[in-house]
Amino acid sequence: RHLKKYFPIKKGLLNRVVGQVKAVDGVSLSIRKGETFGLVGESGCGKSTLGRVILQLQRATEGDVIFDGTNVTGLGHAEMRRMRERMQIIFQDPFGSLNPRFLVRDLIAEPLRIHRKMTARQMDDRVVELMELVGLDASRRNRYPHEFSGGQRQRIGIARAIALSPQFILADEAVSALDVSVQSQVLNLLRKLQKELGLTFLFIAHGLNVVRHISERVGVMYLGKLVEVAPTEALFAAPRHPYTAALLSSIPRPEPDRKRERIVLQGDVPSPANPPSGCRFHPRCPLAAERCRIEEPLLLQDESGRAVACHFPLS
Ligand code: SF4
Ligand code: MG
């Protein structure tokens with residue numbers, strides 16, 4: 001609720017604070033139990049920072065994170081440690097996020113070692129069980145991560161993330177580094193695990209095509225703000241925010257006869273240290289009017305549960 005995350009910009013020998021990067025600038029959203037919420041936007045829009053703030057990997061500058069009825073924003077170290085078991089993360093880079101000196105067995109067991117009291121035998125049984133759950137050959141548990149392919153390493157990361165039986169998982173660009181064919185295998189695995197384990201996902205990606213087949217709802221971010229939230233199919237059928245429409249029209253479509261009118265984005269994303277006045281999208285928006293330069297549009301929700309922050313939404 002009303003989450004903000006600002007980073008100071010420091011300059012000179014004295015590290016004088018000369019400004020702030022408003023990475024996340026007033027975002028409210030709810031993720032429902034058991035759903036996958038897809039969060040998209042160009043790089044630098046604040047989506048990863050928002051995810052990290054939700055998981056309390058970074059403290060919010062302002063606002064609250066309510067998890068299953070508990071405000072986790074103010075929790076102390078010990079309480080947060082218990083909460084941490086229930087909220088996990090799958091990282092983007094299956095190459096960089098696994099320590100190459102650890103056996104796969106130990107990488108997967110690490111969260112268990114930190115959070116659970118288990119005998120070596122119990123731990124080994126759990127590692128075998130987890131590897132089977134994510135579709136890995138458990139007889140290879142005494143090998144090193146470099147002996148596995150990119151897709152298999154991402155499965156190791158997923159096994160680690162589910163080791164403590166969490167309820168909520170943040171997948172930050174979890175398939176972005178993988179080949180397209182491997183991407184769909186990993187997405188299928190995440191869906192299967194969601195059903196079997198009753199997980200809730202926040203699935204972050206820079207492209208809409210990745211979230212389409214995995215998310216029930218999608219949120220679109222632009223320069224630290226949420227600009228549209230909608231059920232996935234409704235968003236793809238008829239985007240309401242001009243920015244969403246622009247993101248969609250850049251996806252190659254299989255049927256050329258039903259071409260969507262192309263909205264081409266002008267210019268680059270402005271700096272989040274000095275966002276444009278009024279609607280932050282106005283310098284790039286083909287529909288921008290005088291009002292857009294002055295008045296910031298609020299994210300307003302209609303009866304159908306769709307929300308858009310635009311003075312002149314598309315219908
Ligand atoms: Fe475009 Fe104006 Fe809507 Fe912003 S408020 S997206 S500038 S039409
Ligand atoms: Mg990111």
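Which is at positive phi and either touching a helix residue (DSSP H, G or I) at 6+ places or on another chain (Cβ under 7 Å) or hydrophobic (A, V, I, L, M, F, W, C) (or both), of G150, G135, G69, G63?
Result: G135 is the single residue among G150, G135, G69, G63 that is at positive phi and either touching a helix residue (DSSP H, G or I) at 6+ places or on another chain (Cβ under 7 Å) or hydrophobic (A, V, I, L, M, F, W, C) (or both).
Quickly run through region 96-154 and pick out the residues that are of a type in the set (G, A, S), part of a loop (DSSP other than H, G, I, E, B) and at pLDDT below 95.
Correct list: G96, S97, S149.
What are the pairs with Cβ atoms under 9 angstrom where one residue, in region 98-113, is closer than 13 Å to R140 by Cβ and the other, located anywhere, is hydroxyl-bearing (S, T, Y) and surrounded by fewer than 18 Cβ atoms within 10 Å (Cβ to Cβ)? Sequence gap at least six, or different chains.
L103/Y144; V104/Y144
Can you report the number of residues in region 292-315 which are part of a loop (DSSP other than H, G, I, E, B) and within 10 Å of ligand 1 (Cβ to nearest atom)?
Residues flagged as part of a loop (DSSP other than H, G, I, E, B) and within 10 Å of ligand 1 (Cβ to nearest atom) within region 292-315 amount to 9.
Please pick out the residue among A159, A174, A163 that is under 26 Å from F67 (Cα atoms), crowded, with 20+ Cβ neighbours inside 10 Å and at pLDDT below 95.
Exactly one residue qualifies, and that residue is A174.
Restricting attention to region 177-190, and to residues there that are aliphatic (A, V, I, L, M) and modelled with pLDDT of 90 or more, which single residue is farthest from ligand 2 (Cβ to nearest atom)?
Only one residue fits best here, namely L189.
Of the conditions (1) in contact with a strand residue (DSSP E or B) (Cβ under 8 Å, 6 or more places away or on another chain); (2) among the polar types (S, T, N, Q); (3) surrounded by fewer than 16 Cβ atoms within 10 Å (Cβ to Cβ), T119 fails just one. Which one is it?
Exception for T119: condition (1).
Take V24 and decide whether it is away from ligand 1 (no atom under 16 Å from the Cβ), in contact with a Ser or Thr (Cβ under 8 Å, 6 or more places away or on another chain), β-branched (V, I, T) and more than 17 Å from T200 (Cβ to Cβ).
yes
Looking at region 37-46, can you tell me whether even one residue there is without any contact (Cβ under 8 Å) to a residue 40 or more places away in the chain, aliphatic (A, V, I, L, M), in contact with a helix residue (DSSP H, G or I) (Cβ under 8 Å, 6 or more places away or on another chain) and away from ligand 1 (no atom under 16 Å from the Cβ)?
Looking for residues that are without any contact (Cβ under 8 Å) to a residue 40 or more places away in the chain, aliphatic (A, V, I, L, M), in contact with a helix residue (DSSP H, G or I) (Cβ under 8 Å, 6 or more places away or on another chain) and away from ligand 1 (no atom under 16 Å from the Cβ), one finds none in region 37-46, hence no.
The values are calculated or read from the model by the stated rules, or taken from the named source; none is laboratory data. Owing to the predicted nature of the structure, the values given are computational and were not obtained by experimental measurement. Cβ: placed from backbone, ideal geometry, glycine included. Neighbour counts: every protein chain shown.
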